[in-house]
1. Please report the equivalent ellipsoid semi-axes of segment 9-262, computed as sqrt(5 x eigenvalue) of the Cα gyration tensor, largest first, in whole Å.
2. Could you list the GluC sites (Glu not before Pro) in segment 126-184 that lie in coil according to DSSP, counting only those with at most 14 other Cβ atoms within 10 Å of their Cβ?
3. If we count every other residue with Cβ under 15 angstrom of Glu120's Cβ, Lys/Arg +1 and Asp/Glu -1, where does the sum land?
4. Where the only charges are on Cβ atoms (+1 Lys, Arg; -1 Asp, Glu), what is the dipole of segment 74-176 about its Cα centre, to the nearest 20 debye?
5. Lys pairs in segment 9-262, Cα-Cα under 29 Å, at least 8 apart or on separate chains: how many?
6. In percent, how large is the relative contact order of segment 64-168, given Cα pairs closer than 8 Å and 6 or more residues apart?
7. Please give the residues of segment 195-223, grouped as numeric ranges, whose backbone N is less than 12 Å from a label point set 7 Å along the Cα-to-Cβ vector of Arg21.
8. Can you give the charge dipole size of segment 9-262 about its Cα centre, rounded to the nearest 20 debye, using +1 on the beta carbon of Lys and Arg and -1 on the beta carbon of Asp and Glu?
Amino acid sequence: MKEFLTLNPAHMTSAITLHARPSPTFAAKLLEAETVLAQSATQLAPLTQASSLGAEDVVITHLINRLGLYIPVFVLDTGMLHAETLALLAQTKAQSKVPVTVYEPVHTAVVEFVKREGNEPMYKSVELRKACCHIRKVLPLERALLGQRAWVTGLRREQSTARGEVPLVDTSEARAKVNPLANWTWGDVWHYIQLHQVPYNPLHDQFFPSIGCAPCTRAISLGEDFRSGRWWWESSDLKECGLHSTPHASDSSQVAASAQAHFAEGDVKGSPETVRN
Ligand code: SF4
């Protein structure tokens with residue numbers, strides 16, 4: 001099958017070597033992810049993939065393209081992304097078969113906020129960090145999701161304790177959230193990247209497992225939690241930016257019931273109970 005992106009040989013370094021370790025049930029998990037995406041594309045449309053261009057998200061975008069599904073992708077460009085992330089964004093936009101749309105914060109809101117709070121408000125207090133995330137991420141996300149019945153994310157159970165119960169299809173909020181890699185391990189993600197030679201952010205080769213804005217992301221040490229490189233100066237229970245904790249869907253209150261019906265028990269092959277390490 002023709003690949004939609006080409007691999008930069010310079011990226012074939014440590015992240016793949018370090019992490020590509022498929023779990024014994026990888027084949028079942030791959031089938032599960034493909035099934036969930038394919039069913040969602042037909043039964044939960046219109047839906048969109050939220051991509052941070054992290055390892056999980058490049059896998060999902062590759063799956064969408066490889067399976068020929070119409071699930072458009074969007075990326076939030078906060079204005080604070082690493083140069084490496086912006087380069088990968090340009091490559092993805094150029095090579096993806098499905099549309100990749102970039103959402104930015106409202107320029108005047110950013111200018112006013114920076115004028116009032118300075119260039120690095122995130123380090124001053126949790127409240128100011130969240131205010132920055134709200135302007136640069138949450139509000140653009142709301143625009144990206146407007147009119148969407150569901151969205152696809154790269155959430156995995158293994159990522160943090162707070163994400164330990166992530167379901168394949170989350171209908172607990174008004175807009176359904178599809179998490180095709182919920183049961184994948186970090187080793188599974190990198191195995192897929194290796195298998196399909198998916199281009200990825202070279203920051204992963206520099207021990208950045210989770211990549212966000214430049215001022216709020218750092219490399220981690222061996223044994224540290226995946227999310228410990230994000231907002232590392234804050235206590236761990238505060239480390240969400242609001243992207244995965246806001247309803248965002250006052251315009252689609254009937255979606256949850258509808259999605260629940262589409263994904264009734266037994267509808268999705270390979271439930272979380274049957275696919276585990
Ligand atoms: S992650 Fe940091 S720079 Fe990015 S929006 Fe949040 S506080 Fe601002």
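Nothing in this text is a laboratory measurement; each read-out follows from the coordinates by a stated rule. Small disclaimer: the values here were computed from a predicted structure and weren't measured. A quick note on method: Cβ atoms are made from the backbone with ideal geometry, for glycine too, and the neighbour counts reach across all protein chains shown.
1. After scaling each eigenvalue by five and taking roots: 26, 23, 18 Å.
2. Working: sites: Glu127, Glu142, Glu158, Glu165, Glu173; in loops: Glu165, Glu173.
Listed in order of number, the matching sites are Glu165.
3. On the way: positive: Lys115, Arg116, Lys124, Arg129, Lys130, Arg136, Arg218; negative: Glu117, Glu127, Glu234.
Result for the neighbourhood of Glu120: +4.
4. Working: 15 positive and 12 negative charges, 25 e Å.
The dipole of segment 74-176 has a size of about 120 debye.
5. Counting lysine pairs in segment 9-262 gives 20.
6. Value for segment 64-168: 24 percent.
7. Correct set: 223.
8. In debye, rounded to 20, segment 9-262 gives about 220.
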